[in-house]
Amino acid sequence: MVDDPQRRLDLLKPKLPNGDCPPGFIGFAVNMINVEFTNLFLLTGSGHGLRETLFYNLFSHVQVYKTREDMAFSLPCISDGAISLDGGMIKGAGVFSLGNRNDVDVRFPKSSVTSTLPDNYTDTKKHLKEMKWKRETMLEDIKREQALLDTARQSFERKKEEFVKFLAQSSAYATRKPHGMLSYKV
């Protein structure tokens, strides 16, 4: 996803046959992993990070739902498996494990994204966004002013040509002898 500090993958949300996103859908497991800031920018030789390689290979499109009921309702749009916060699990091959929540020890801790980021990260990001906006605004202003300048130049050139023609015509008229006047030599 663009401008995501965790560099999450931009995966299409599942859709039910009616086109709506399933109720209770939280997200994809691959995007719920909080990668420490120091590891976010480690890249493979092909330019991919941990999330695109290791975690995607482990979790691919595994979906996460709030409850087993939400997950069961969403069966038509589950292809690579799903898990629910109350312990339900559907594997890609159609294996269901909707046992008792107390039997499954799955926990999804809430992570603090800001704790792994440098202190000034959010301020810097906000400042960068503001600077980009100012740059775009200035570029638009420059384009608008350039268009006005081009129009003014064209108008000036047209008026200049008219003025030069007028001067040429008036000087030809001034040097001409009036009709019917005779010149005498004395």
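Could you tell me which numbered condition residue 63 fails, if it satisfies all but one of (1) out of contact with any Pro (no Cβ under 7 Å at 6 or more places or on another chain); (2) surrounded by 13 or more Cβ atoms within 10 Å (Cβ to Cβ)?
All conditions pass for residue 63, except number (1).
Would you check which residues across the range 1-25 are over 21 Å from residue 52 (Cβ atoms) and part of a loop (DSSP other than H, G, I, E, B) and list them? Can you show your working first?
Initial filter on the range 1-25 (over 21 Å from residue 52 (Cβ atoms)): 15-25.
Result: 15, 16, 17, 18, 19, 20, 21, 22, 23, 24.
Out of (1) of a type in the set (D, E, K, R); (2) at pLDDT below 80; (3) more than 27 Å from residue 121 (Cβ to Cβ), what's the single condition that is false for residue 66?
Result: residue 66 passes all but (2).
A quick yes/no check of all residues on (1) in contact with a helix residue (DSSP H, G or I) (Cβ under 9 Å, 6 or more places away or on another chain); (2) more than 14 Å from residue 8 (Cα to Cα); (3) of a type outside the set (Asp, Glu); (4) not assigned by TED's automatic domain parsing to the domain that holds residue 91:
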{"site": "29", "(1), (2), (3), (4)": "yes, no, yes, no"}
{"site": "34", "(1), (2), (3), (4)": "yes, no, yes, no"}
{"site": "44", "(1), (2), (3), (4)": "yes, yes, yes, no"}
{"site": "49", "(1), (2), (3), (4)": "yes, no, yes, no"}
{"site": "60", "(1), (2), (3), (4)": "yes, no, yes, no"}
{"site": "67", "(1), (2), (3), (4)": "no, yes, yes, no"}
{"site": "75", "(1), (2), (3), (4)": "no, yes, yes, no"}
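Kindly indicate whether residue 112 is of a type in the set (Ser, Thr, Tyr) and modelled with pLDDT of 90 or more. It would help to see each step written out before you state the result.
On the way: of a type in the set (Ser, Thr, Tyr): yes; modelled with pLDDT of 90 or more: no.
Answer is no for this residue.
The values are calculated or read from the model by the stated rules, or taken from the named source; none is laboratory data. Keep in mind it's a predicted model, so treat the numbers as computed, not measured. Note that each Cβ is placed from the backbone with ideal geometry, even for glycine, and that neighbours are counted across all protein chains shown.
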